[in-house]
Amino acid sequence: MVDTGAYKAFDRSLYIKADTKGKSVISSWLSKNGHSVTDITEKYSCDIVTEKDGVTHNSEVEIKFSWKGDWPDSWEEVRIPYRKNKLLTNTNLTFYVLRSDCKQAWAISADTLQNIATVKEASNRYIRKGEKFFHIPVQHAHLLELP
C-alpha cells in the first residue's frame, strides 16, 4: 500500500468531542468482556491497550458522526482512514467505528484490513480530495450492540 499523504485536516474540536467519549464507551465494553484496561493515554498510537488472559490487545476508536440510527443498507462497506495503517504493526489490533450515539459499533480486526480491505479514495463534502481509506465490506465486520 502506498501512502499518498492526502489527509483530512485535523479538527481539534471534533477530536475533543470524539476521543474521550469513544475511548470511554469501548473501554467499558472491553472491561465487561473480560479485558483489563492498562492504558488510554494519548500517545499517537492505539487509543486503548488492554490485557485479557495474559495477552495484550490494542484498540483504535473512531466515532462516525454521519451514522445515525440503523446502518443504512446502501452503506455496503465501513471505511477507516488509510492514515491508520501506521497502527497495523501493533499486535491484536481491533478498530472500532462507533455510531454517533455510541449505541453500536463495527469491530474490525487488523487482519481484515490487511487481507480483505481495498484501499482507495473516498469522496464526499467532508473528505479532502485524494484521501485514501480502507474499504471493508460490512460482511467482514462485526456489529456490536453497546449499552
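Please compare each pair in K32/K129; K17/K84; K52/K129; K52/K86 to a cut-off of 30 Å on the Cα-Cα distance and tell me which ones are over it. Can you show the working numbers first?
Working: K32/K129 40 Å; K17/K84 19 Å; K52/K129 40 Å; K52/K86 24 Å.
Beyond 30 Å: K32/K129; K52/K129.
Give me the angle, in degrees from 0 to 90, between the Cα long axis of helix 12-32 and the longest principal axis of the Cα atoms of the chain, rounded to the nearest 10.
Tilt of helix 12-32: around 40 degrees.
Name the shape class, rounded, prolate or oblate, that the alpha-carbon gyration tensor gives for the chain, where a ≥ b ≥ c are the square roots of its eigenvalues, rounded holds for a/c under 1.5, and otherwise prolate holds if a/b is larger than b/c and oblate otherwise. Kindly include the intermediate steps, with their values, before the conclusion.
Numbers: a/c = 1.42, a/b = 1.32, b/c = 1.08.
It is rounded, given that a/c, with a ≥ b ≥ c, falls under 1.5.
Enumerate the calculated ³J(HN,Hα) couplings along segment 132-147 in order (Karplus 6.51 cos²θ - 1.76 cosθ + 1.60, θ = phi - 60°), each rounded to whole Hz, writing x wherever the residue is Gly or Pro.
9, 9, 6, 10, 10, x, 4, 5, 9, 10, 10, 7, 9, 9, 10, x
Only Cα pairs under 8 Å and at least 6 apart count here; give the relative contact order of the chain as a rounded whole percent.
Values: 244 pairs, mean separation 36.4, N = 147.
Result for the chain is 25 percent.
Kirkwood hydrodynamic radius, computed over distinct alpha-carbon pairs, for segment 41-116: how many Å, to one decimal? Walk me through the numbers before you get to the answer.
Numbers: mean 1/r = 0.0744 Å⁻¹.
It is 13.4 Å.
Every number here is computed from the coordinates shown, using simple stated rules; none is lab data. Nothing here was measured: the structure is a model prediction, and the numbers come from that model.
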